[in-house]
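Student: Let me begin by handing over the structure; questions about it come next.
The values are calculated or read from the model by the stated rules, or taken from the named source; none is laboratory data. Treat the numbers as computed from the prediction; the structure is a model and nothing was measured. Cβ placement follows ideal geometry from the backbone for every residue including glycine, while neighbour counts extend to all protein chains displayed.
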Amino acid sequence: MEKQEILLSAQGIVKRYPGVVALDHVDLDFYKGEIHAICGENGAGKSTFIKVLTGAIQPDAGRIEMEGIHRDNYTPHEAMFNYGISAIYQEFYLIPALTIAENLFLGKEIMKNRLLDRKTMNSEAKALLLSLGVDLDPNRPVGSLSVAYQQIVEIAKSTYQNAKLIIMDEPSAPLTINEVDKLFNLVHTLKAKGITVIYISHRLTEIFELSDRVTVFRDGKKIVTMPTSSTTKNELIHIMVNRELSDTFPTRKGEIAEPILEVKNLSTAALLQDISFTLHKGEVLGFGGLVGAGRTELARAIYGADPITEGTILIKGKEMRIRHPKEAVAQRIGLIPEDRKQHGILSRLSVGENIAYSSFSKISRFCLIQMSLMNQSALKMVKMLRIITPNTHKRVQELSGGNQQKVVLARWLVSDCEIILFDEPTRGIDVGAKQEIYELIFELAAQGKAIILISSEMNELLGMSDRILVMHEGVITGELSRAEATQDKVLRLASGE
Amino acid sequence: MKIKTLEIPIKKFAILGVLCILIAFFSIVTESFLTTGNVLNIARQVSMLGISAVGMTCVILTSGIDISVGSVMGITNIVGALLMTKYGMPILPAALMTLVVAAAVGLVNGVFVSYIGVPALITTLAMMTLLRGLTYVLCDGLPVWGLPDSFRFLGQGYVGIIPVPVIIMFIIFIIGWVFLNRTKIGRYIYGLGGNREAVRLAGIRTKRVETGVFVISSFLSGLAGLIMLSRINTGQPKIGTAFEMDVITAVVLGGVSVAGGAGSLIGVLLGVFITGILSNGMILLDISEYYQQIIKGLVLLLAVTFDSLAKRKKS
């Protein structure tokens, strides 16, 4: 291969967040006019790295050179307009009510006699789009375009701004198969124009189809960069997940008994298709998959938080229609949401109130909440779940993340829930508290509660689950027993391979 | 963290401080301010404001707003008067029916806001205008005379030396406090302002609660309208014009966050008195109606500024 000219060089990039090193001395060079794929598990550090490149966050250490010139402390605005680094995110920054041309020239309008020169803008926009291989009427409002064409407009916008480096974060995720082909053509056109494309994707097939080189991130470190043609899918997966299973998990007690929840052919309008599975009493059923695979959506659909378009849910053998979380709670289903602060706790209310929130009726007399009863039951939970709080009157927002999570769990325990849906229960929680949550989950299972555990942490998923269902783009792609589950197998199913 | 626990009492003391300063100021600059007669007069004047403020507190706690309260007061004023005169209904059924009308208005507001999803500000703005027009239509724009004398007790009567409306206001505040702090619906109301989706995921029918607060607000404004009717013993279609301004000012001055989820009725009671004393003092000082409006506007702006600054400091 001929010697490549380096466009952007990142050296020794470090980014620390409280408790985690998101980027650990990352060195990475990008060549002019190459398609460079970046892959890695959720939380491997890809997004953080991209944000450093675009100037959205500042690294704690390290050096970035763009075209041989040292750049640091730049803003996304400077990155885009001065250095030619732009990013296409999954949400587009386009204004739906304006036309394609107006969006392309937003902030850089072409004027004639102090008025907008629509004619010139439209013809230039048309030419720009044609040079990218798309024939679109520049007068159409962006809002009337499909997601794929909006993406193209977004890309066209960055090329108009003289982008030399375009970063695409999961660009194919919202596209249909035909549209993905169009995207690939476009990426090749960009390459032909000498533009460097950083292509982030969970879809390994795309990486092999498209990219010249591929970089793997794992646990905040760059593991390897290599020519794509010199590797295989299996090798990539192996590099992505190859880590020691360090956490120790408590010993499993109790027995798996009869089915309690049966989901049959469940679909939703947005994502889920034909989901069927059975959950047993005393079982911990793990759900693996990548971000956006539909696991949270599934939990919400079962819980009645989002509408189901098709399919049935049987609880203890009886068909149930659950159309609101209230009905789920009545069926003794509890949800511990992924976004603890927004969807789980009621931050300004007390620990006691948070615990009693779904069962106030039980402790009310003549419509009045019996404060002594509320505090008694809350205290019992505080002791049982080892929630660290000076008293039950403390506002729950003043507790640590792990203790807040226990408060949400306590809410379902005082409501006598038999099925508990845990969505990423240990996210953002320190190691000690994680261990306690693991122990609690096993204790609950041993008591005969049925547990669904959605987790993006491989260790947790493998260490905790009796059985693992893996999802990919709204579909269950496979089931693994505890014995047969490995990191490789889960990731393969999660990538839809 | 320590600062945060101190913050709340300081906020309450601040309101109390403002109240004391206002009282001291008006006692010095006017002779008649701090007399038993004037104090009871102020209390009676603020009673309607206070009653309506309890309802407004419920709405604002859920992060909503109800600017139709003044028009509700106006229409109940006329409906009550017409029922008792033109339709010759006895006092009690007429009053109850008027309150039902008020609650129905709140139900419509609530359904539009929570089930249809129209922003509360727009819904209640439309309702405010619509009701005012309807009020004028109902009475042909003319005052309604000839109310029964015994109806005067509600607004003009005394128990001992305490005016009846003041007693009603305190009862409403006590019921309101118990409702907000000791019943499950009350706790849902507090939860809604902080985090709507979290409340829904806890298994609560949030739309019903949200509708309910508008019913409470309208109902209490209707009660205030009846008291007003009894006080002047005439149905006046323009009653309650700009009343929403005073109510919202009192609630926000009382420390209820416009973003919802935080605030207490004790603060609101203080806010009500501050608003009342300010109006009363300005009248005693013979400040013109025009300047009074300017001052009232400034006070509300100041109150929400403090609220917003406090929020910004937190984040």
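Student: Considering every residue within region A:436-445, establish whether at least one is assigned to a loop (DSSP other than H, G, I, E, B), in contact (Cβ under 8 Å) with a residue 24 or more places away in the chain and buried (at least 19 other Cβ atoms within 10 Å of the Cβ).
Tutor: No, the conditions are met nowhere in region A:436-445.
Student: Go through region A:257-296 and report how many residues are over 23 Å from A:Pro425 (Cα atoms), in contact with a Ser or Thr (Cβ under 6 Å, 6 or more places away or on another chain) and small (Gly, Ala, Ser).
Tutor: 2
Student: Filter region A:341-353 for residues that are more than 9 Å from chain B (Cβ to nearest Cβ) and either touching a Leu at 6+ places or on another chain (Cβ under 7 Å) or in a helix (DSSP H, G or I) (or both) and give the result.
Tutor: Within region A:341-353, A:Val351, A:Gly352 meet the criteria.
Student: To continue, here is another question. Residues of region A:306-340 being away from every other protein chain (no Cβ under 13 Å), buried (at least 20 other Cβ atoms within 10 Å of the Cβ), in contact with a Ser or Thr (Cβ under 8 Å, 6 or more places away or on another chain) and part of a strand (DSSP E or B), which ones?
Tutor: Across region A:306-340, there are no qualifying residues.
Student: Determine which single condition B:Gly260 fails, assuming it passes every other condition in (1) touching a helix residue (DSSP H, G or I) at 6+ places or on another chain (Cβ under 8 Å); (2) more than 14 Å from chain A (Cβ to nearest Cβ); (3) more than 26 Å from B:Ser32 (Cβ to Cβ).
Tutor: The one condition B:Gly260 does not meet is (2).
Student: Test each condition in (1) surrounded by 18 or more Cβ atoms within 10 Å (Cβ to Cβ); (2) part of a helix (DSSP H, G or I); (3) away from chain A (no Cβ under 14 Å); (4) β-branched (Val, Ile, Thr) for B:Ile171 and report the one that comes out false.
Tutor: Only one criterion in (1) surrounded by 18 or more Cβ atoms within 10 Å (Cβ to Cβ); (2) part of a helix (DSSP H, G or I); (3) away from chain A (no Cβ under 14 Å); (4) β-branched (Val, Ile, Thr) is unmet by B:Ile171, namely (1).
Student: A further question on this structure: Residues being within 22 Å of A:Asp423 (Cβ to Cβ) and within 12 Å of chain B (Cβ to nearest Cβ): count how many of those fall in region A:375-409.
Tutor: Matching residues across region A:375-409 total 7.
Student: Given the residues A:Ser372, A:Ser361, which is the only one that is part of a helix (DSSP H, G or I), surrounded by fewer than 16 Cβ atoms within 10 Å (Cβ to Cβ) and at the interface with chain B (Cβ under 9 Å from one of its Cβ atoms)?
Tutor: A:Ser361
Student: Under 6 Å between Cβ atoms, which residue pairs at least 6 apart in sequence (or on different chains) link something in region B:229-249 that is surrounded by fewer than 23 Cβ atoms within 10 Å (Cβ to Cβ) with a partner that is in a loop (DSSP other than H, G, I, E, B)?
Tutor: B:Asn233/B:Leu147; B:Thr234/B:Pro143; B:Thr234/B:Trp145; B:Gln236/B:Pro143
Student: Given the criteria at pLDDT 85 or above, out of contact with any Lys or Arg (no Cβ under 6 Å at 6 or more places or on another chain) and within 14 Å of chain A (Cβ to nearest Cβ), does B:Ser63 qualify?
Tutor: Taking the combined requirement at face value, the residue satisfies it.
Student: When residues of region B:71-85 are filtered for being touching a residue at least 60 places away in the same chain (Cβ under 8 Å) and crowded, with 24+ Cβ neighbours inside 10 Å, how many remain?
Tutor: 10
Student: Still on this structure, please answer the following. I need the helices (runs of 4 or more DSSP H) fully contained in region A:104-195, keeping only those with at least 3 residues that are among the small types (Gly, Ala, Ser) and either surrounded by fewer than 14 Cβ atoms within 10 Å (Cβ to Cβ) or touching a Phe, Trp or Tyr at 6+ places or on another chain (Cβ under 8 Å) (or both).
Tutor: Result: A:118-131.
Student: Select, from B:Ile204, B:Ile227, the only residue that is farther than 24 Å from A:Ser358 by Cβ and either of a type in the set (Val, Ile, Thr) or within 14 Å of chain A (Cβ to nearest Cβ) (or both).
Tutor: Unique residue meeting the criteria: B:Ile227.
Student: Among the residues that make up region A:81-92, is at least one of them at pLDDT below 90, of a type in the set (Phe, Trp, Tyr) and not in a loop (DSSP other than H, G, I, E, B)?
Tutor: Checking region A:81-92: at least one residue is at pLDDT below 90, of a type in the set (Phe, Trp, Tyr) and not in a loop (DSSP other than H, G, I, E, B).
Student: Within the group A:Leu462, A:Leu440, A:Leu453, which residue is modelled with pLDDT under 95, within 24 Å of A:Gln331 (Cα to Cα) and not polar (S, T, N, Q)?
Tutor: A:Leu440
Student: Could you list, in sequence order, all residues of region B:20-65 that are within 30 Å of B:Leu125 (Cα to Cα) and not in a helix (DSSP H, G or I)?
Tutor: Hits for region B:20-65 are B:Thr62, B:Ser63, B:Gly64, B:Ile65.
Student: Output the number of the condition that A:Tyr303 fails; it satisfies all remaining conditions of (1) surrounded by fewer than 20 Cβ atoms within 10 Å (Cβ to Cβ); (2) within 14 Å of chain B (Cβ to nearest Cβ).
Tutor: Here A:Tyr303 meets the rest and fails (1).
Student: Which is part of a loop (DSSP other than H, G, I, E, B) and either free of Cβ contacts under 8 Å to residues at least 40 places away in the same chain or not small (Gly, Ala, Ser) (or both), of B:Leu138, B:Leu142?
Tutor: On inspection, the qualifying residue turns out to be B:Leu142.
Student: Sticking with this structure for a sec: What about A:Glu439, is it more than 9 Å from every other protein chain (Cβ to nearest Cβ), charged (D, E, K, R), closer than 22 Å to A:Lys281 by Cβ and more than 27 Å from the chain's Cα centre (by Cα)?
Tutor: no
Student: Related question: Let me confirm something: among A:Leu271, A:Leu298, which residue is part of a helix (DSSP H, G or I), of a type outside the set (Lys, Arg) and more than 14 Å from chain B (Cβ to nearest Cβ)?
Tutor: Criteria check complete, one pass: A:Leu298.
Student: Assess whether B:Val178 counts as being aliphatic (A, V, I, L, M), out of contact with any strand residue (DSSP E or B) (no Cβ under 6 Å at 6 or more places or on another chain) and without any contact (Cβ under 8 Å) to a residue 60 or more places away in the chain.
Tutor: Here the answer is yes, as B:Val178 does meet what is asked.
Student: Among the candidates A:Ile239, A:Ile223, single out the residue that is farther than 23 Å from A:Leu8 by Cα and surrounded by 13 or more Cβ atoms within 10 Å (Cβ to Cβ).
Tutor: Unique residue meeting the criteria: A:Ile239.
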